[in-house]
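To start, the structure under review is shown below, and the notes come after it.
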Amino acid sequence: MKRTFSILALALLVCAAASAAVISTTLTVNATGSIGASIAATGTATLTTIGSGTFAATLSLTPDASGNYSAPFTITLTGGAGTITGTLKIPPAVLTGSGTGSATITGGTGTYANATGSFPSLAGTGSFGTSITLTFTGAGTITTGGPPVPSISAVQDAASNTPNIAQGSIFIVKGSNLSASGYTPFGPPRPTVSSGVKVTFTPVSGGGAGTDAYLVYLYNQSGVNQIACILPSTVAVGSYNVTATNGTAVSAPFVAQVVANKIGLFTQDSSGTGLASVQNYIVSSAAYDLNRLTTGSVSGITYSPAKPGQVMVAYGTGLGAFAAGDNTASPAFDFSKTLTIQAVVGGVNIPVAYAGRAGYAGEDQINFTLP
């Protein structure tokens, strides 16, 4: 049977980056630390024109190839402006007297998310005994306003809007800063990356490379930011860290489960509950009605109730893997030839005539006849 609509059956649809700013500032750090396998140092930090806050660093006691000691640090600014993270390079002379170190800025949170910068010459003094004291000061720059870090709030199938994603199915990544403003759909062959945006599944257990999903659309409008994708059928069943990349920024991992099968029907209001997206086969392959209790039309789509003996077509996603149809136009594959599949209407089990791809990658249809 030929589909006669796509947008209703799919039922899928529901910040531009700021320009960079370079801040010239002078960093001053005063810290003390206890000595063990490494040195945990805490204290205060001041950045002129930016503000002050607390300083925390962990100093390795093993020098790098240049003979310097590395100390990853975090400055937590007062007033809720966020944090600034980076790495100090400390020459041995500083630990017992004075010398010149340096620092690089590698990121942060809040106002300083994705911040970069450097302090190439930091005058340092220190003393080394049962504990350590360190003081650094020097000029440098911090660049802010890079692309905001994406954040994932949910990874759900595109039909029932619930966790667990079936191989070869359509799913939705919801969150913020996932893509630029607007709506961008993709037709087959669909890309795995567009404008620097991609969604990657990496095994939680490690030992395997990440797999990028096929992009169906990017959506960032009216306060809703989500990405629709097709999970490649080759992604094995298991637990995965899902990340969203937007330009140079990558989200924190969101754990999701990949399963072999999880059929969910699209619903007419896209909520995942309520009336399913089911069509009544009326006269021919060119004449379908949307199944509803009453008769009428909406947006050019006619609807009517089904009758005994009526052939019906339900639409969903999640029947299972079909690698040959993940990224092609009009894929067709009948899962009912290898799996036991039944339609259940009003508690009555009904054999299916066809249960497989609906001529749209990731989308499935189930054909059955009402008794």
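The values are calculated or read from the model by the stated rules, or taken from the named source; none is laboratory data. Just so it is clear, the structure is predicted and the values come from calculations on it, not from any experiment. When we count neighbours, we look across all protein chains shown, and the Cβ atoms used for this are built from the backbone with ideal geometry, even at glycine. For accessibility, only protein heavy atoms count, side chains too; no ligands or nucleic acids. Shrake-Rupley method; radii C 1.70, N 1.55, O 1.52, S 1.80 Å.
The charge dipole of the chain, taken about its Cα centre with unit charges on the Cβ of Lys, Arg, Asp and Glu (plus for the first two, minus for the last two), comes to roughly 300 debye. Between the alpha-carbon centres of segment 18-63 and segment 273-327 there is a gap of 62 Å.
The length gained by stretching the chain between T143 and A323 to full extension, at 0.36 nm per residue less their Cα-Cα distance, is 60.4 nm. Only one item in [x] 1.17; [y] 1.61; [z] 0.94 matches Rg/Rh (Cα atoms, Kirkwood Rh) derived from the coordinates shown, and that item is [x]. When the Cα centres of segment 202-247 and segment 123-159 are compared, how far apart do they sit, in Å? Their Cα centres are 27 Å away from one another.
Between the beta carbons of S52 and N261, assuming R0 = 56 Å, the FRET efficiency works out to 0.50 to the nearest 0.05. The residue among L339, G264, T234 whose Cα reaches farthest toward the positive pole of the charge dipole of segment 218-366, with charges on the beta-carbon of Lys, Arg, Asp and Glu, is L339.
Where only DSSP H runs of four or more residues are counted, the chain gives -500 deg cm²/dmol as its mean residue ellipticity at 222 nm, each run worth -39500 (n - 2.57). Averaged over its residues, the chain has an accessible area of 44 Å² per residue, based on protein heavy atoms and a 1.4 Å probe. Listed values for segment 117-133 are Karplus-derived 3J(HN,Hα) couplings in whole Hz (6.51 cos²θ - 1.76 cosθ + 1.60, θ = phi - 60°), namely x, 7, 10, x, 9, 10, 6, x, 9, x, 9, 10, x, 5, 9, 10, 10, and x replaces Gly and Pro.
Here the accessible area of the chain is 58 percent carbon and sulfur, with a 1.4 angstrom probe and all protein chains present.
Summarising the strand pairing of the chain, around 95 percent of its internal DSSP beta bridges are antiparallel. Fully extending the segment from A21 to D64 would add 12.3 nm, taking 0.36 nm per residue of separation and subtracting the current Cα-Cα distance.
Take the Cβ atoms of T162 and A287, set R0 to 30 Å, and the FRET efficiency comes out at 0.35.
In order along segment 304-310, the phi-based Karplus estimate (6.51 cos²θ - 1.76 cosθ + 1.60, θ = phi - 60°) of 3J(HN,Hα) comes to 6, x, 7, 10, x, x, 6 Hz; Gly and Pro are listed as x.
The calculated FRET efficiency for the pair T295 and Q342, based on their C-beta separation and a Förster distance of 25 Å, comes to about 0.30.
Remark: spin-label model distance T87-S222 equals 4.6 nm, labels positioned 7 Å along the Cα→Cβ axis.
Taken along the Cα-to-beta-carbon direction at a fixed 7 Å, the label points for T202 and A154 span 2.6 nm. Could you pull out every one of the aspartates and glutamates with an alpha carbon less than 19 Å from that of K262, ignoring same-chain neighbours closer than 8 positions? Once the sequence-local aspartates and glutamates are set aside, what remains near K262 is D157, D326, D334, E363, D364. Which shape class, rounded, prolate or oblate, goes with segment 240-371 when its Cα gyration tensor gives a ≥ b ≥ c as root eigenvalues, a/c under 1.5 marks rounded, and past that a/b bigger than b/c marks prolate? Because a/c hits 1.5 or more and a/b exceeds b/c, segment 240-371 counts as prolate. Placing dummy labels 7 Å off each Cα toward the beta-carbon, the span from S239 to T369 is 4.8 nm. Normalised radius of gyration (Cα atoms, divided by 2.2 N^0.38 Å) for segment 223-288: 1.62. For segment 48-180, the normalised intensity computed at q = 0.18 Å⁻¹ comes to -0.98 (log10 of I(q)/I(0), Debye sum over alpha carbons, equal scatterers, no solvent).
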